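The values are calculated or read from the model by the stated rules, or taken from the named source; none is laboratory data. All of these numbers come straight from a predicted model, not from anything done at the bench. Here the Cβ positions follow ideal geometry from the backbone for every residue, glycine too, while neighbour counts run over all protein chains shown.
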Amino acid sequence: MPDLSLRELLDLDRRHVWHPYGPMPGRQEPLVVESASGVRLRMADGSGELVDGMSSWWSAIHGYNHPVLNDAAHGQLERMSHVMFGGLTHEPAVRLAKRLVDISPEGLEHVFLADSGSVSVEVAVKMCLQHWRSLGRPAKQRLLTWRGGYHGDTWQPMSVCDPEGGMHELWQGVLQRQVFADAPPAGYEESYAAHLRELIGRHADELAAVIVEPVVQGAGGMRFHSPAYLRVLREACDAHDVLLVFDEIATGFGRTGTLFAAEHAGVTPDVMCVGKALTGGYLTMAATLCTARVAEGISRGEVPVLAHGPTFMGNPLAAAVACASIDLLLGQDWQTEVKRIEAGLREGLAEASSMPGVRDVRVLGAIGVVQLDHEVDMAAATAAAVREGVWLRPFRDLVYTMPPYVTGDEDVARIARAVRAAAREG
Ligand code: PMP
């Protein structure tokens with residue numbers, strides 16, 4: 001196909017291409033991005049560049065077109081871009097599994113290399129249900145979570161997303177009915193801890209696992225909560241024979257200021273999901289880690305295998321880039337960079353607290369959120385950010401940013417200006 005004009009490209013996009021949560025036929029007019037480098041997206045309409053305030057949904061932590069990640073991809077591409085993982089193994093996957101085990105909370109030992117975050121959650125759920133089945137407790141097949149969460153768009157993850165006003169309300173009644181605790185308050189409240197303990201105790205006989213996003217609930221509402229609740233969950237799960245799953249797909253790899261958000265509480269889950277920033281946002285890969293106890297439970301069952309094996313499992317290209325991304329992150333003083341961005345966002349967003357229509361402003365690590373007292377007008381808010389030279393994706397009552405860790409101080413200030421403009425005009 002010859003090069004498309006911008007008009008042709010947009011016409012074809014509208015006619016044929018589904019976008020996330022988009023209508024078909026398309027009624028949206030997306031912006032066309034031509035290339036990306038560092039923290040900047042180059043737009044195809046000749047309008048110049050936008051600073052990426054989203055890290056392509058938490059993933060591009062090192063920015064785009066990074067020479068180290070490019071080298072890792074090129075090198076691996078010439079050796080082997082993909083090979084089936086059934087009966088075969090290879091160095092990139094093995095190296096990545098070892099790296100993940102080394103850097104994850106103590107006790108997580110076994111790694112399933114999935115091909116997306118949602119699939120890694122599916123696998124986590126399968127692991128937990130199968131663990132109890134194998135141990136002769138098949139009634140333990142429900143999940144407990146707290147409201148306001150988000151764990152992905154495939155079937156089982158949808159059942160533990162926020163059930164009301166959330167993205168999957170349409171499917172309530174069809175999805176497996178899970179047990180929902182109230183959404184966690186920001187600060188520690190003993191009465192809420194008691195609510196968690198009571199629910200876990202009451203449903204223990206039918207609960208396979210508790211699954212939560214630790215410290216930050218992302219796509220379900222960008223809420224932050226006290227890490228102390230993670231210790232409450234750990235204790236209650238241990239007391240009642242329930243497994244604990246942390247979904248670190250958004251929070252993993254430094255976003256909240258610790259490598260994994262679980263570290264804020266010093267808690268090891270039985271199962272942990274990572275994705276998004278795993279490959280520095282280059283390729284689609286996620287992982288589910290579990291403890292020896294969970295794996296041994298599965299191995300003791302009548303069906304002693306974890307029955308999951310996607311075609312692109314352990315993809316060597318993604319695994320090689322993931323290893324390079326982890327090395328790149330750990331080879332630098334990333335904590336200082338995340339703290340620097342945190343300070344910049346705090347300063348830049350402070351004045352938003354007194355703006356009309358703003359309910360709350362919160363910053364943690366390299367995450368900044370302005371919550372409004374009304375639904376944001378997405379088109380107006382996005383346009384306001386673009387006028388400031390920044391790419392943001394406001395939704396519901398939220399204007400928020402999670403920039404790449406390599407975003408310089410001036411660009412952090414620009415992003416904060418854009419968040420304020422989007423909150424004002426959206
Ligand atoms: N869990 C969390 C916490 C997420 O933020 C996401 C993605 N937004 C997912 C799971 C699903 O990951 P993916 O989009 O890669 O399937």
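Please verify whether Val242 is within 11 Å of the ligand (Cβ to nearest atom), in contact (Cβ under 8 Å) with a residue 12 or more places away in the chain and in contact with a strand residue (DSSP E or B) (Cβ under 6 Å, 6 or more places away or on another chain), treating the condition exactly as stated. Step through it out loud before you land on a result.
Values: within 11 Å of the ligand (Cβ to nearest atom): no; in contact (Cβ under 8 Å) with a residue 12 or more places away in the chain: yes; in contact with a strand residue (DSSP E or B) (Cβ under 6 Å, 6 or more places away or on another chain): yes.
So Val242 fails the test.
Please work out which one of (1) under 13 Å from Ala287 (Cβ atoms); (2) within 16 Å of the ligand (Cβ to nearest atom) is the condition Gly149 fails and give its number.
Of the numbered conditions (1) under 13 Å from Ala287 (Cβ atoms); (2) within 16 Å of the ligand (Cβ to nearest atom), the odd one out for Gly149 is (1).
Can you tell me which of (1) within 13 Å of the ligand (Cβ to nearest atom); (2) within 24 Å of Thr258 (Cα to Cα) is the one Glu235 doesn't meet?
(1)
Can you list residue pairs whose Cβ atoms sit under 6 Å apart, with the first residue in the stretch 58-73 being farther than 23 Å from Arg393 by Cα and the second being among the β-branched types (Val, Ile, Thr)? Count only pairs 6 or more apart in sequence or on different chains.
So the pair list comes out as Leu69/Val321; Ala72/Val321; Ala73/Val321.
If you go through the stretch 79-89 one residue at a time, do you hit one that is more than 12 Å from the ligand (Cβ to nearest atom), modelled with pLDDT of 95 or more, part of a strand (DSSP E or B) and basic (Lys, Arg)? Spell out the reasoning first.
First, pick out the residues of the stretch 79-89 that are more than 12 Å from the ligand (Cβ to nearest atom): 79-89.
Still in the list and also modelled with pLDDT of 95 or more: 79-89.
So of that shortlist, the ones also part of a strand (DSSP E or B) come out as none.
No: zero hits.
If Ala186 satisfies all but one of (1) over 19 Å from Leu230 (Cα atoms); (2) aliphatic (A, V, I, L, M); (3) surrounded by fewer than 13 Cβ atoms within 10 Å (Cβ to Cβ), what's the number of the condition it fails?
(1)
Only one of Ala265, Ala320 is farther than 28 Å from Glu235 by Cβ and either away from the ligand (no atom under 16 Å from the Cβ) or surrounded by 24 or more Cβ atoms within 10 Å (Cβ to Cβ) (or both). Can you tell me which?
Working: Ala265 fails: farther than 28 Å from Glu235 by Cβ.
It is Ala320.
Can you tell me which condition Val212 does not meet? The list is (1) in contact with a Pro (Cβ under 9 Å, 6 or more places away or on another chain); (2) over 30 Å from Met54 (Cα atoms), and all the others hold.
Unmet for Val212, out of (1) in contact with a Pro (Cβ under 9 Å, 6 or more places away or on another chain); (2) over 30 Å from Met54 (Cα atoms): (2).
For the stretch 172-196: of the residues being touching a helix residue (DSSP H, G or I) at 6+ places or on another chain (Cβ under 6 Å) and within 16 Å of the ligand (Cβ to nearest atom), which is farthest from Val121 (Cα to Cα)?
Taking the candidates together, the pick is Pro184.
Could you list, in sequence order, all residues of the stretch 97-127 that are within 16 Å of the ligand (Cβ to nearest atom) and either in a helix (DSSP H, G or I) or more than 19 Å from the chain's Cα centre (by Cα) (or both)?
Of everything in the stretch 97-127, those that are within 16 Å of the ligand (Cβ to nearest atom) and either in a helix (DSSP H, G or I) or more than 19 Å from the chain's Cα centre (by Cα) (or both) turn out to be Gly117, Ser118, Val119, Ser120, Val121, Glu122, Val123, Ala124, Val125, Lys126, Met127.
So which of Val399, Val361 is part of a strand (DSSP E or B), under 20 Å from Leu31 (Cα atoms), without any contact (Cβ under 8 Å) to a residue 60 or more places away in the chain and not hydroxyl-bearing (Ser, Thr, Tyr)?
Step by step, each of Val399, Val361 is checked, and only Val399 is part of a strand (DSSP E or B), under 20 Å from Leu31 (Cα atoms), without any contact (Cβ under 8 Å) to a residue 60 or more places away in the chain and not hydroxyl-bearing (Ser, Thr, Tyr).
When you scan the stretch 312-334, how many residues do you find that are outside any helix (DSSP H, G or I) and either more than 24 Å from Phe246 (Cα to Cα) or outside the structural domain of Glu78 (by TED's automatic domain parsing) (or both)?
Step one: filter the stretch 312-334 for residues outside any helix (DSSP H, G or I), giving 312-315, 331-333.
Cutting the leftovers down to either more than 24 Å from Phe246 (Cα to Cα) or outside the structural domain of Glu78 (by TED's automatic domain parsing) (or both) gives us 331-333.
Looking only at that region, the number is 3.
Just checking, does the stretch 292-311 include any residue being touching a residue at least 24 places away in the same chain (Cβ under 8 Å), within 14 Å of the ligand (Cβ to nearest atom), buried (at least 16 other Cβ atoms within 10 Å of the Cβ) and not in a loop (DSSP other than H, G, I, E, B)?
No, the conditions are met nowhere in the stretch 292-311.
Scan (1) surrounded by 19 or more Cβ atoms within 10 Å (Cβ to Cβ); (2) within 12 Å of the ligand (Cβ to nearest atom) for the single condition Ser226 breaks and write down its number.
It is condition (2) that Ser226 fails.
Restricting the stretch 368-389 to residues that are out of contact with any Asp or Glu (no Cβ under 8 Å at 6 or more places or on another chain) and within 23 Å of Gly38 (Cα to Cα), which is surrounded by the fewest Cβ atoms within 10 Å (Cβ to Cβ)?
Arg387
Which residues, taken from the stretch 138-168, are surrounded by fewer than 16 Cβ atoms within 10 Å (Cβ to Cβ) and touching an Asp or Glu at 6+ places or on another chain (Cβ under 9 Å)? Can you show your working first?
Going through the stretch 138-168, the residues surrounded by fewer than 16 Cβ atoms within 10 Å (Cβ to Cβ) turn out to be 138-139, 154-155, 164-165.
Once the filter is applied, which keeps residues that are surrounded by fewer than 16 Cβ atoms within 10 Å (Cβ to Cβ) and touching an Asp or Glu at 6+ places or on another chain (Cβ under 9 Å), the stretch 138-168 yields Ala139, Thr154, Trp155.
Any residue in the stretch 119-135 that is closer than 12 Å to Pro304 by Cα sitting within a Cβ distance under 6 Å of a residue that is within 16 Å of the ligand (Cβ to nearest atom) and at pLDDT 95 or above? List the pairs, counting only those 6 or more apart or interchain.
Met127/Val271
Please verify whether Gln28 is more than 16 Å from the ligand (Cβ to nearest atom), exposed (fewer than 13 other Cβ atoms within 10 Å of the Cβ) and not aromatic (Phe, Trp, Tyr), treating the condition exactly as stated. Write out each step before concluding.
Details: more than 16 Å from the ligand (Cβ to nearest atom): yes; exposed (fewer than 13 other Cβ atoms within 10 Å of the Cβ): yes; not aromatic (Phe, Trp, Tyr): yes.
The answer is yes for Gln28.
Ala350 - would you say it is more than 16 Å from the ligand (Cβ to nearest atom) and either touching a helix residue (DSSP H, G or I) at 6+ places or on another chain (Cβ under 7 Å) or not assigned by TED's automatic domain parsing to the domain that holds Tyr405 (or both)? Explain how you work it out, then say what you get.
Values: more than 16 Å from the ligand (Cβ to nearest atom): yes; either touching a helix residue (DSSP H, G or I) at 6+ places or on another chain (Cβ under 7 Å) or not assigned by TED's automatic domain parsing to the domain that holds Tyr405 (or both): no.
Spelling it out, it is not the case that Ala350 is more than 16 Å from the ligand (Cβ to nearest atom) and either touching a helix residue (DSSP H, G or I) at 6+ places or on another chain (Cβ under 7 Å) or not assigned by TED's automatic domain parsing to the domain that holds Tyr405 (or both).
Which residues, taken from the stretch 197-218, are within 16 Å of the ligand (Cβ to nearest atom) and out of contact with any helix residue (DSSP H, G or I) (no Cβ under 6 Å at 6 or more places or on another chain)? Show your work before the answer.
Filtering the stretch 197-218 for residues within 16 Å of the ligand (Cβ to nearest atom) gives 209-218.
If the condition is that a residue be within 16 Å of the ligand (Cβ to nearest atom) and out of contact with any helix residue (DSSP H, G or I) (no Cβ under 6 Å at 6 or more places or on another chain), then Ile211, Val212, Glu213, Val216, Gln217, Gly218 are the ones that fit.
Give the residues of the stretch 40-57 that are crowded, with 24+ Cβ neighbours inside 10 Å and within 13 Å of Lys276 (Cα to Cα), sorted by residue number.
Hit for the stretch 40-57 is Ser55, nothing else.
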